[in-house]
């Protein structure tokens, strides 16, 4: 593993342990060249996935890009990083288990929206505003009304005494 600080190829693993959800191995490493310490994660990858964009362009699936987009939505929100990691790992497992080598970008967006809705409603709305390309304030209002009606359907007896 190459050191991110000095680029040296000689690093040593000092500690290895599974992540809380057992989907990866966390390794603490130290560079023998500069002494820098860093952490790496090793994950199982069942197959190479390609994402088919709305334009028809195909790009390799990037778990880190998915994680970054989720983290942008969750910025300054009180959500445990382990829950975010489990959500992203769950999405990746769902995508890999379909058996298809190609996945539509819209499908990934839908899975992220479902996951965020359960984690944090503000992050859900933030992600939706980009994913659904909100153009005006009314789009936010419509989304909030939709969420409110979904909650009413989930709890039909909330108005009863």
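Every number in this text was worked out from the coordinates using simple rules, so none of it is lab data. Keep in mind it's a predicted model, so treat the numbers as computed, not measured. No Cβ is skipped: glycine too gets one built from the backbone with ideal geometry, and neighbour counts run over all protein chains shown.
For the pair residue 93 and residue 80 in one chain, pulling the backbone fully straight at 0.36 nm per residue adds 2.7 nm over the alpha carbon distance. Exposure proxy shown here: for 26, 54, the number of other Cβ atoms within 10 Å sets the order, fewest to most, as 54, 26. Between 0 and 90 degrees, rounded to the nearest ten: what's the tilt of helix 137-154 against the longest Cα principal axis of the chain? The helix 137-154 is inclined about 80 degrees to the chain. Of the residues 134, 38, 61, the one that moves most in a GNM of the chain with alpha-carbon contacts below 10 Å is 38.
Fully extending the segment from residue 20 to residue 72, taken as 0.36 nm per residue of separation minus the present Cα-Cα distance, adds 16.5 nm. Under a Gaussian network description of the chain, with springs only between Cα atoms under 10 Å, the residue in 146, 114, 20 that fluctuates furthest is 146.
Which whole-number percent is the relative contact order of the chain (Cα, under 8 Å, 6+ apart)?
Numbers: 169 pairs, mean separation 23.8, N = 161.
Relative contact order here is 15 percent.
Could you compute the FRET efficiency for residue 149 and residue 117, with r as their C-beta to C-beta distance and R0 at 22 Å, rounded to 0.05? Using R0 = 22 Å, I get an efficiency of 0.95. Read through the labelled values [x] 13.6; [y] 8.3; [z] 12.3 and report the label of the one computed as mean projected area of the Cα convex hull in nm² from the structure. Among [x] 13.6; [y] 8.3; [z] 12.3, the one derived from this structure is [x].
Per-residue ellipticity at 222 nm for the chain, helices alone: DSSP H runs ≥ 4 residues times -39500 (n - 2.57), over residue total, nearest 500 deg cm²/dmol? Show your work: numbers first, answer last.
Numbers: 5 runs with 72 residues, N = 161.
About -14500 deg cm²/dmol.
Of the residues 87, 67, the one with the fewest other Cβ atoms within 10 Å heads the list, and the complete ranking is 67, 87.
Relative to the dominant Cα principal axis of the chain, helix 81-97 is inclined by about 90°. Against the main long axis of the alpha-carbon atoms of the chain, helix 63-73 sits at an angle near 50°.
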